[in-house]
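Scroll down for the structure; my scribbles are underneath it.
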Amino acid sequence: MDLGLIIQLGYVVAAGLFIFGLKMLGSPDTARRGNGISAIGMLVAIIAALLDQGIVQYEYILGGMVVGGLIGAVAARTVAMTSMPEMVALFNGVGGAASGLVGVAALSIADGSFTYITIILSILIGGVTFTGSLVAYGKLSETIGSGAVTFGGQKFVNGLIVIGILASAVMFVMDPTNTNMLYTVVGLSLLFGIMVVIPIGGADMPVVISLLNSYSGLAACAAGFAVDNNVLIVAGSLVGASGIILTQIMCKAMNRSLSNVLFSGFASVSTTVTEVEGEIKPISVEDAYYVLEAATNVAIIPGYGMAVAQAQHVVKELMELLEANGCEVNYGIHPVAGRMPGHMNVLLAEADVPYDQLLEMDDINPRMESVDVAIVIGANDVVNPAAREVESSPIYGMPVINVADARTVFVLKRSMASGFAGIENPLFYKDNTRMLFGDAKESIGGLVREFS
Amino acid sequence: MDVSYLLFILMLSVFLGFELINKVPATLHTPLMSGANAISGITVVGAIALAGSGNADMAQWLGAGAVALASINVVGGYMVTDRMLGFFKKKEG
């Protein structure tokens, strides 16, 4: 058997392992093994690539692998779970940049228009993913402001950039010796990545991360076409599909179209004033304890505020005390709670909350009527009944967790400031709602002390 | 390789991807994303061939850079996903 065939078979095995690994991610029981299988697939693919006889110098490869591997390992070990969104954003960007570089390097072996087109595509998608992810990282880690940056004529400027990219791409493909056009594509792609992410605000980040995740896959896919490699195409398109599905889920959970998220910040609609009846009824930690002590069914609804306050561990303590008191405790998790898909689940899992108690929105809502106390921790828009009741509300139609159906609702909140979307929340004024003001971690810590 | 053949592979794997990912529960969306991220580091395979090609200096350096970046993705992605999935436990008893 010749070496070329062995290499190709190695790629086939790798692709099969990726697919099998992703399949096993379908259940929390098998997910960890699935990830391991996927990693073995990657190892097989890398070994197969190294067998290539065209490789005459291993120094560059090994150097790159050692440097990159070390950085990756340290980052993966030290990152705090609350910072996962920024970490994933950064990884997306790195992947995009790698595919873009592969595109540029492939120029030395390229021939034929189709190859040049795919090279341009991998540079374009890779470049956009790279800078877009850096901006997303900046917003998520709050090294730059997390708000939406908009200015007059933004669409016009973006339109010009797109036209510029298209024009220079076409000119380069027609005359590949014209490297100035190539540099123009590179520069404009990088600029475009920044331009598309700056107008998107912090609460819409789950959509952006998912989309950039998809792009990093598509960039790998385009690079696969550029270097004529099957396994890049298969793996890249699996990742691309995964990102697109997550994007769809996030958009649906916010009842907004993708174009609405990408092109119009919430800022433009947040001026709507809704008349809210009723009054705010604060409750003390002590009184909240008496209510909880008598409760037999409690639902906890976490939001981004729980991550900010680092309250997940003390929440778990409260859960244990409640359970010891004969109470059933479940968590209701909205798809867009937090800054990336599934963010809350990971935080709670880290705090040792069993995953079978983490319920999706559609599972917890029908049970809400039998819940004695719903505790809302640092969530706002995802529990806003205005989404169901107030037709003029900007979030009208968005699926929310119906906490108001519970007998009593505790809302843990720092102050009366409105949520990210800047929308009044009628929940706070409902008859059965009690506000527990203060830092979430301290408030729950207070409840824990009352119990013990 | 034949272009139509590559496009054929692309189409099939996109459909397969949609089918597979649709079955992943919301609980696992964060690990799914970081795991997918690690897989997108597959671009390392393309980078390896270019970094070791021995021709054109520029391509080698660019290839080496791509290998480094993609290795961050591969190693970091798989490790952090494993770390996260280790947290997910069923209720005992």
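The values are calculated or read from the model by the stated rules, or taken from the named source; none is laboratory data. Note that the coordinates shown come from a computational prediction; the quantities given were computed from them, not determined experimentally. For neighbour counting, all protein chains shown are included, and Cβ atoms are generated from backbone atoms with ideal geometry for every residue, glycine included.
Can you spot a residue in region A:427-434 that is hydroxyl-bearing (Ser, Thr, Tyr) and over 29 Å from the mean Cα position of the chain (by Cα)? Even if it seems obvious, please write down each step before you answer.
Quick first cut of region A:427-434, residues hydroxyl-bearing (Ser, Thr, Tyr) only: A:429, A:433.
Among the residues that remain, those that are also over 29 Å from the mean Cα position of the chain (by Cα) are: A:429, A:433.
Yes - at least one qualifying residue is present in region A:427-434.
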Problem set entry | Residues satisfying the stated conditions in region A:364-394, i.e. touching a strand residue (DSSP E or B) at 6+ places or on another chain (Cβ under 8 Å), closer than 18 Å to A:Met250 by Cα and acidic (Asp, Glu) | none
Seminar exercise, completed: Of (1) more than 18 Å from A:Ala31 (Cβ to Cβ); (2) facing chain A (nearest Cβ under 7 Å); (3) not basic (Lys, Arg), B:Asn22 satisfies every one except (1)
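Could you grab me the full set of residues in region A:42-85 that are touching a residue at least 12 places away in the same chain (Cβ under 8 Å), under 24 Å from B:Met33 (Cβ atoms) and either more than 27 Å from the chain's Cα centre (by Cα) or more than 8 Å from chain B (Cβ to nearest Cβ) (or both)? Break it down stepwise before answering.
The first filter runs over region A:42-85 and keeps only residues touching a residue at least 12 places away in the same chain (Cβ under 8 Å), leaving A:42, A:44-45, A:47-49, A:51-53, A:75, A:81-85.
Cutting the leftovers down to under 24 Å from B:Met33 (Cβ atoms) gives us A:42, A:44-45, A:75, A:81-85.
Answer for region A:42-85, where residues must be touching a residue at least 12 places away in the same chain (Cβ under 8 Å), under 24 Å from B:Met33 (Cβ atoms) and either more than 27 Å from the chain's Cα centre (by Cα) or more than 8 Å from chain B (Cβ to nearest Cβ) (or both): A:Val44, A:Ala45, A:Thr82, A:Ser83, A:Pro85.
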For this session: Filter region A:201-221 down to the residues that are of a type in the set (A, V, I, L, M) and over 18 Å from B:Leu10 (Cβ atoms), then identify the one that is surrounded by the fewest Cβ atoms within 10 Å (Cβ to Cβ).
Result: A:Ala203
Problem set entry | Hits in region A:111-145 - residues which are more than 11 Å from chain B (Cβ to nearest Cβ), among the hydroxyl-bearing types (Ser, Thr, Tyr) and either crowded, with 18+ Cβ neighbours inside 10 Å or assigned to a helix (DSSP H, G or I) (or both) | A:Tyr116, A:Thr131, A:Tyr137
Problem set entry | region A:342-383, residues that are more than 9 Å from every other protein chain (Cβ to nearest Cβ), over 18 Å from the mean Cα position of the chain (by Cα) and assigned to a helix (DSSP H, G or I) | A:Asp362, A:Asp363, A:Ile364, A:Asn365, A:Pro366, A:Arg367, A:Met368, A:Glu369, A:Ser370, A:Val383
Exercise. For A:Gly145, are the conditions met, namely being under 20 Å from A:Cys221 (Cβ atoms) and not β-branched (Val, Ile, Thr)?
Worked result: no
Seminar exercise, completed: Taking first residues from region B:1-16 that are facing chain A (nearest Cβ under 9 Å) and second residues anywhere that are modelled with pLDDT under 90 and in a loop (DSSP other than H, G, I, E, B), the pairs with Cβ under 6 Å that are 6 or more apart or on different chains are B:Met1/A:Asp228
Problem set entry | Given (1) within 7 Å of another protein chain (Cβ to nearest Cβ); (2) under 21 Å from A:Ile249 (Cα atoms); (3) not polar (S, T, N, Q), number of the condition B:Met84 does not satisfy | (2)
Seminar exercise, completed: Note: among A:Ala89, A:Ala48, just one is small (Gly, Ala, Ser) and either at pLDDT 95 or above or outside the structural domain of A:Lys23 (by TED's automatic domain parsing) (or both), namely A:Ala89
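Results for (1) within 30 Å of A:Gly378 (Cα to Cα); (2) hydrophobic (A, V, I, L, M, F, W, C), shown as yes or no for each residue.
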{"position": "A:Leu182", "(1), (2)": "no, yes"}
{"position": "A:Val186", "(1), (2)": "no, yes"}
{"position": "A:Leu191", "(1), (2)": "no, yes"}
{"position": "A:Gly202", "(1), (2)": "yes, no"}
{"position": "A:Pro206", "(1), (2)": "yes, no"}
{"position": "A:Gly217", "(1), (2)": "no, no"}
{"position": "A:Gly224", "(1), (2)": "no, no"}
Problem set entry | Only one of A:Ser108, A:Ser99 that is modelled with pLDDT under 90 and facing another protein chain (nearest Cβ under 7 Å) | A:Ser108
Exercise. Which ones in region A:159-187 are over 21 Å from A:Gly112 (Cβ atoms) and free of Cβ contacts under 8 Å to residues at least 40 places away in the same chain?
Worked result: A:Gly159, A:Leu160, A:Ile161, A:Val162, A:Ile163, A:Gly164, A:Ala167, A:Asn180, A:Tyr183, A:Thr184, A:Gly187
For this session: Please work out which one of (1) within 14 Å of chain B (Cβ to nearest Cβ); (2) surrounded by fewer than 20 Cβ atoms within 10 Å (Cβ to Cβ) is the condition A:Thr177 fails and give its number.
Result: (1)
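Can you list the helices (runs of 4 or more DSSP H) found entirely within region B:19-93 that contain at least 3 residues being surrounded by 22 or more Cβ atoms within 10 Å (Cβ to Cβ) and small (Gly, Ala, Ser)? Break it down into steps so the answer makes sense when it comes.
Values: elements: B:29-40, B:43-51, B:57-71, B:77-85.
Once the helices (runs of 4 or more DSSP H) in region B:19-93 are filtered for at least 3 residues that are surrounded by 22 or more Cβ atoms within 10 Å (Cβ to Cβ) and small (Gly, Ala, Ser), what remains is B:29-40, B:43-51, B:57-71.
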For this session: Among the residues of region A:389-408, count how many are free of Cβ contacts under 8 Å to residues at least 60 places away in the same chain and either buried (at least 17 other Cβ atoms within 10 Å of the Cβ) or over 27 Å from A:Asp204 (Cβ atoms) (or both).
Result: 4
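State which residue is nearest to A:Asn432 (Cα to Cα) when the search covers only region A:327-370 and only residues that are of a type in the set (Val, Ile, Thr) and either in the same structural domain as A:Ala89 (by TED's automatic domain parsing) or crowded, with 24+ Cβ neighbours inside 10 Å (or both). I'd like the intermediate steps shown before the answer.
Step one: list which residues in region A:327-370 are of a type in the set (Val, Ile, Thr), which gives A:329, A:333, A:336, A:346, A:353, A:364.
Next cut, either in the same structural domain as A:Ala89 (by TED's automatic domain parsing) or crowded, with 24+ Cβ neighbours inside 10 Å (or both) only: A:333, A:336, A:346, A:353.
Details: A:Ile333: 21, A:Val336: 25, A:Val346: 30, A:Val353: 28 Å.
Going through the qualifying residues, I end up with A:Ile333.
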